[in-house]
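Inspection log for the structure reproduced underneath, given as structure tokens.
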Amino acid sequence: MMELGIIGFWHSGKTTVFNVLCKGRAETFRHTEDGSRVHLSTVKIRDHRAEALAGKFQPPKTTLATTRIIDVDAPPSTLEEADTSHHTSILESQLRHLATADVWLAVVRGFSAQDLPPPDVRKEMTNIVLELILSDLSKI
């Protein structure tokens, strides 16, 4: 089974992407002081080739490939920060939950919102890469 971890800044749309990939209904919410939440889902990957072979050879069991998708919602460090600014760092708590993932999917905000600054996709992607580099350097 392959694990896919979704990373990105707060309010970037990570949980919405998670819901689309998993056909789920994970809650998108404003955070309270109770900390980060982890959404997990296992999705079977449909493969028409495997289905055609199973139809032709009639095996007793057909096992489809699966992917486990992980979305970590971590709140800003304070509720005041949540109300006054767009959180622009990937927290170590997020990276700890995603450390075992085989693939990371970076989500950047490309939409406007009333209480957030205008989106800057290039800047957010650059910041994500820099955050990951700094996280690696701190571990070294």
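Each reported figure results from applying straightforward, stated rules to the coordinates on display, with no laboratory input. Remember, it's a predicted structure, so these values are computed and weren't measured experimentally. In this analysis, Cβ positions are derived from the backbone assuming ideal geometry, glycine residues included, and neighbour counts consider all displayed protein chains.
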Cβ-based net charge around residue 110, under 15 Å, with every Lys or Arg adding one and every Asp or Glu removing one: +2
Segments 63-73, 109-119 sorted - mean Cβ within 10 Å per residue, highest first: 63-73, 109-119
Stretchable slack from residue 93 to residue 134, in nm (0.36 nm times residue separation minus alpha-carbon distance): 13.3 nm
Local electrostatic count, residue 4, Cβ distance below 10 Å [Lys/Arg +1, Asp/Glu -1]: -2
Set of lysines with alpha-carbon distance to residue 23 below 18 Å, sequence-local pairs under 8 removed: 14, 44
Residue 43/residue 120 FRET efficiency (R0 35 Å; Cβ-Cβ; nearest 0.05): 0.65
